[in-house]
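The values are calculated or read from the model by the stated rules, or taken from the named source; none is laboratory data. Keep in mind the model is a prediction, meaning the values are calculated, not measured. All Cβ positions, glycine included, derive from the backbone under ideal geometry; neighbour counts span all protein chains shown. Heavy atoms of the whole protein, side chains included, go into the accessibility calculation; ligands, DNA and RNA do not. Shrake-Rupley method; radii C 1.70, N 1.55, O 1.52, S 1.80 Å.
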Amino acid sequence: MKAIWNDTLLAESDKTIVVEGIHYFPPDSINRQYLKESDRRTTCLWKGEAYYYTIEAGGGMHEDGAWYYPDPKQEARPIKDYVAFSGDVGIVK
């Protein structure tokens, strides 16, 4: 699977984990030079607290366009530190 935004490859892996229809990419598959830490945090009742990244790629910026769970609840442990992308980031095979 590939995550592409603004003609830029953000992540690529054949080991994504799909949760609620969203692909979570392993930490080592992320092109981190395009992600900048955000101050945004949200809470999912069963996954825990999500931390966000702003995507900066291809001359554009997508605020809070990616997120991850650094310390997920027990049920979500498999996606610890995996990165998901918002719906307007293309996820393709």
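Structure data summary
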quantity	calculated
Matching residues, the range 52-69, being within 14 Å of the chain's Cα centre (by Cα) and open to solvent by 80 Å² or more (accessible area, probe 1.4 Å)	63
Residues being open to solvent by 50 Å² or more (accessible area, probe 1.4 Å) and either under 17 Å from residue 87 (Cβ atoms) or modelled with pLDDT under 95 (or both) - total across the range 2-21	6
Boolean, residue 49 is over 13 Å from the mean Cα position of the chain (by Cα), in a strand (DSSP E or B) and acidic (Asp, Glu)	yes
Single condition residue 61 does not satisfy, out of (1) farther than 22 Å from residue 77 by Cα; (2) touching a residue at least 60 places away in the same chain (Cβ under 8 Å)	(2)
Selection within the range 1-52 - in contact with a strand residue (DSSP E or B) (Cβ under 8 Å, 6 or more places away or on another chain), without any contact (Cβ under 8 Å) to a residue 40 or more places away in the chain and of a type in the set (Phe, Trp, Tyr)	34, 51, 52
Top-ranked residue of the range 81-93 - restricted to ones that are at pLDDT 95 or above and either touching a Gly at 6+ places or on another chain (Cβ under 9 Å) or farther than 16 Å from residue 11 by Cβ (or both), ranked as surrounded by the fewest Cβ atoms within 10 Å (Cβ to Cβ)	86
Selection count where residues are within 18 Å of residue 15 (Cα to Cα) and touching a Lys or Arg at 6+ places or on another chain (Cβ under 8 Å), scope the range 68-80	3
Count of the range 64-93 residues which are in a helix (DSSP H, G or I), in contact (Cβ under 8 Å) with a residue 12 or more places away in the chain and charged (D, E, K, R)	1
Some residue of the range 30-48 being open to solvent by 40 Å² or more (accessible area, probe 1.4 Å) and among the aliphatic types (A, V, I, L, M)	yes
